[in-house]
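Everything on this sheet refers to the single structure shown next.
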């Protein structure tokens, strides 16, 4: 569960939070740690070496929801990054997609992956990344992703900031 459970999706609010991530603190070194609400235990952020990941929206539980309503709910969640990108406006450079399938296959096989990808997967954020960067000031990178861990779980829209380039893993070096 995220700290966003029960909130309605608001693309404008999410876009403002994404823009605010450009100034968010990220550690230069250190382990990956979860930050959570002290009362509910819901995750509010994941912070690691060079990055911060925050939930922007958590959809409703899909327990007891079946097709076609289930398909509609998942498709709507998968459109959220594009809605946030549109709300960010024309001042942002065009984004690009960073596919995560190679890193996910490596991680599932027990092979090492970058700490950023490991943190995403640990929060069930398996969706491809919508990435902008480097952005001024400071040359930071911003990304959005949607996660959906299983058929009943609510979809989650998350954003991240990184002080390092966010690049697609090279599948030529994959042991799989």
Unique residue being buried (at least 17 other Cβ atoms within 10 Å of the Cβ) and either assigned to a loop (DSSP other than H, G, I, E, B) or out of contact with any helix residue (DSSP H, G or I) (no Cβ under 6 Å at 6 or more places or on another chain) (or both) when the list is 105, 21, 56: 21
Positions within segment 59-77 being over 14 Å from the mean Cα position of the chain (by Cα), crowded, with 16+ Cβ neighbours inside 10 Å and not in a loop (DSSP other than H, G, I, E, B), in sequence order: 73, 74
Conditions (1) within 20 Å of residue 33 (Cα to Cα); (2) assigned to a helix (DSSP H, G or I): number failed by residue 142: (2)
Every pair of residues 6+ apart whose Cβ atoms lie under 8 Å, when the first sits in segment 41-67 and is on the phi > 0 side of the Ramachandran plot while the second is surrounded by 13 or more Cβ atoms within 10 Å (Cβ to Cβ) and in a loop (DSSP other than H, G, I, E, B): 41/1; 50/26; 50/27; 50/163; 50/164
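Report yes if some residue within segment 136-159 is surrounded by fewer than 19 Cβ atoms within 10 Å (Cβ to Cβ), under 26 Å from residue 4 (Cβ atoms) and in contact with a strand residue (DSSP E or B) (Cβ under 8 Å, 6 or more places away or on another chain); otherwise report no. Can you show your working first?
Looking only at segment 136-159, we keep the residues that are surrounded by fewer than 19 Cβ atoms within 10 Å (Cβ to Cβ), and these are 136-139, 149-153.
From what is left, the residues that are under 26 Å from residue 4 (Cβ atoms) are 149-153.
If we keep only those that are in contact with a strand residue (DSSP E or B) (Cβ under 8 Å, 6 or more places away or on another chain) too, we end up with none.
Checked against the condition, which is being surrounded by fewer than 19 Cβ atoms within 10 Å (Cβ to Cβ), under 26 Å from residue 4 (Cβ atoms) and in contact with a strand residue (DSSP E or B) (Cβ under 8 Å, 6 or more places away or on another chain), segment 136-159 yields no hits at all.
Where a number appears in this text, it was derived from the coordinates with a stated rule and is not lab data. Being a predicted model, the structure only gives us computed values, none of them experimental. For neighbour counting, all protein chains shown are included, and Cβ atoms are generated from backbone atoms with ideal geometry for every residue, glycine included.
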